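The values are calculated or read from the model by the stated rules, or taken from the named source; none is laboratory data. Quick caveat: nothing in here was measured; it's all calculated off a predicted structure. Cβ atoms come from the backbone with ideal geometry, glycine included; neighbour counts cover every protein chain shown.
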Amino acid sequence: MVEEMLALRGITVSHETVRQWGLKFGRAIATRIRQRRLARGDKWHLDEVVLSIAGKKHYLWRAVDQDGFVLDVLVQSRRDKRAAKRLLRKLLKKQGRAPRVLITDKLKSYAAAKKDLKLRCEHRQHKGLNNRAENSHQPTRRRERQMKRFKSPRQVQRFLSIHDPINNLLHLHRDHLTASEYRAARVQAFQDWADVAGARLAA
């Protein structure tokens with residue numbers, strides 16, 4: 001969409017130029033967003049979804065908090081205890097604390113990984129409770145269609161490690177805000193974006 005937005009302002013760039021901008025600046029911006037260490041919820045929803053990459057089956061593991069903010073993603077070729085442990089270790093290291101509640105579907109790998117890591121949090125296993133994590137896969141599915149499938153596990157990991165922090169920054173919960181609250185939240189989000197991207201907002 002960046003190409004069309006710039007075209008509206010009379011600036012012509014190619015799709016490849018926009019892609020190279022994303023590769024060059026996206027990771028640095030995503031890192032600055034993560035460094036802000038915004039407070040995240042203590043209820044973690046974990047889920048995995050199948051991705052077909054170059055004809056092979058891979059699994060995109062995702063963790064979100066109770067407010068829908070993506071905590072982390074991990075692309076793996078397995079859907080077992082080892083893969084679940086790897087995701088949980090990564091989460092514990094990044095978040096710096098264990099969750100109060102862990103919500104997953106009925107995949108037994110989660111319980112086995114939790115037991116191995118000696119986590120004492122409450123673990124709720126029920127498919128209906130995990131809609132928040134399942135819904136968080138939808139933007140990824142849209143991007144997958146737009147990009148005409150992902151080309152490699154590395155590409156997916158790199159793309160989502162940039163996309164999800166930026167998406168978190170602009171995640172405004174529009175359904176739960178009044179019009180005035182939404183506008184104020186949007187102004188704040190744009191200001192935060194300007195800070196992390198080193199851009200100037202028009203007066």
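The table that follows gives values for the structure above.
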read-out	value
Among the residues listed as Arg78, Arg86, Arg124, Arg82, the single one being outside the structural domain of Thr31 (by TED's automatic domain parsing), among the charged types (D, E, K, R) and part of a strand (DSSP E or B)	Arg124
Filter pass, Leu60 being assigned to a strand (DSSP E or B) and crowded, with 17+ Cβ neighbours inside 10 Å	yes
Selection count where residues are of a type in the set (D, E, K, R), closer than 12 Å to Val70 by Cα and at pLDDT 75 or above, scope region 132-174	1
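To keep it simple, each residue is scored yes or no on (1) surrounded by 13 or more Cβ atoms within 10 Å (Cβ to Cβ); (2) modelled with pLDDT under 80; (3) in contact with a strand residue (DSSP E or B) (Cβ under 8 Å, 6 or more places away or on another chain).
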site	(1), (2), (3)
Leu6	yes, yes, no
Ile11	no, no, no
Glu16	no, no, no
Thr31	yes, yes, no
Arg34	yes, yes, no
Leu38	no, yes, no
Gly41	yes, no, no
